[in-house]
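Notes for the one structure printed next.
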Amino acid sequence: MGILISLFVGAVAGWLAGTIVKGGGSGLLMNIVIGIVGGVIAGWLFPSWGFSLGGEVVGAIINATIGAILLLAILSLFKRG
C-alpha cells in the first residue's frame, strides 16, 4: 500500500509542479518520477532547514511539490545553457 501512496503523491506533486513551472509538464510517468524525486529532495532538505509540514498525505504532496518545483527549476537552468 505504501508504494501506491508514493506513486499517487508523486503523480499529484509532479503534475502540480509541471503546471506551476512553465514547460515542466512531461507526461504521467515523468511527472510521477519528478514528484517522487521532489519528495526525496524535500525530505532531505526541509528537516535540515527546520521546515516541516504536518499531515500525512496532504503534507507529503505539498513537500513533494515544492521539491519537484526546485528540481524543475534546476533542470531548466541546464536546458537553457
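For the reader, a short list of remarks on this structure follows.
- Under the Debye formula (equal points on every Cα, no solvent term), log10 I(q)/I(0) of the chain at q = 0.16, 0.22, 0.25 Å⁻¹: -0.52, -0.92, -1.12
- Secondary-structure-derived ellipticity at 222 nm for the chain, considering helices only, amounts to -28000 deg cm²/dmol, per-run term -39500 (n - 2.57) for DSSP H runs with n ≥ 4.
- Between 0 and 90°, nearest 10: helix 57-80 axis offset from the chain longest Cα axis: 20 degrees
- Applying 1/(1 + (r/R0)^6) with r as the Cβ-Cβ distance of S48 and L28 and R0 = 25 angstrom yields a FRET efficiency of 0.20.
- Protection proxy ranking, peptides 29-36, 57-64, average beta carbon neighbours within 10 Å, highest first: 29-36, 57-64
- Dividing the mean sequence gap of close Cα pairs (under 8 Å, 6+ apart) by how many residues the chain holds gives a relative contact order of 36 percent.
- Helix axis angle, 28-49 relative to the chain longest principal axis, alpha carbon, degrees: 60 degrees
Taken together, the values in this text are just the output of simple stated rules run on the coordinates, not laboratory data. These figures come from a predicted structure and were not determined experimentally. Cβ: placed from backbone, ideal geometry, glycine included. Neighbour counts: every protein chain shown.
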